[in-house]
Amino acid sequence: MNYLWIALGGALGSMARFWVAEWVVARHASPFPFAVLLINVTGSFLIGVLAATLAPGGRWAAPEGIRLLLMVGVCGGYTTFSSFSLQTFDLLRVGAPWLALWNVLGSVTACLVAVWLGYSTGLFLNQKG
């Protein structure tokens with residue numbers, strides 16, 4: 001049953017990723033992959049919130065199936081590390097090493113900050129009262 005939850009969440013996350021990427025690209029054409037950066041940062045924030053609030057003892061403690069659906073499925077389908085890797089490689093391949101470096105440093109830093117903020121938000125939401 002866990003695989004079914006993950007597959008369902010992965011489908012939802014992948015559709016959300018496609019929608020967000022299309023929305024960003026339609027509004028901001030750039031050689032820099034802003035859509036993937038936004039998706040990875042918001043996905044990192046979301047998984048941080050979910051990790052804190054859905055865990056046993058969290059404000060919205062959830063059964064394992066729901067945690068798998070949302071964290072492994074939705075967040076895993078939504079975030080785009082393989083796309084990030086390919087786009088970084090493409091920047092290097094076309095002779096834009098500074099954009100590639102900015103993409104790596106910006107993405108890793110922003111996603112680590114986002115997951116910390118998400119987890120901190122989750123801990124705040126866990127507080128009773």
ask   = So what is the 222 nm mean residue ellipticity for the chain from helices alone, if each DSSP H run of at least 4 adds -39500 (n - 2.57) and you divide by all residues, rounding to the nearest 500 deg cm²/dmol?
value = -25000 deg cm²/dmol
ask   = What is the helix-to-structure angle for 81-93, meaning the angle in degrees between its Cα long axis and the longest Cα principal axis of the chain, kept from 0 to 90 and rounded to the nearest 10?
value = 10
Listed peptides 91-103, 44-56, 2-14 by packing density, highest first (mean Cβ within 10 Å) = 44-56, 2-14, 91-103
Ratio Rg/Rh [Cα only; Rh per Kirkwood] for the chain = 1.04
request  = Please list the radius of gyration and Dmax for segment 82-129, considering alpha-carbon atoms only, with Å as the unit.
outcome  = 16.1, 55
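Here, each number is a calculation from the coordinates, and none is a lab measurement. Bear in mind the structure is a predicted one, so any value in this text is a computation, not a measurement. Cβ sites come from the backbone with ideal geometry, for glycine too, and all protein chains shown count toward neighbours.
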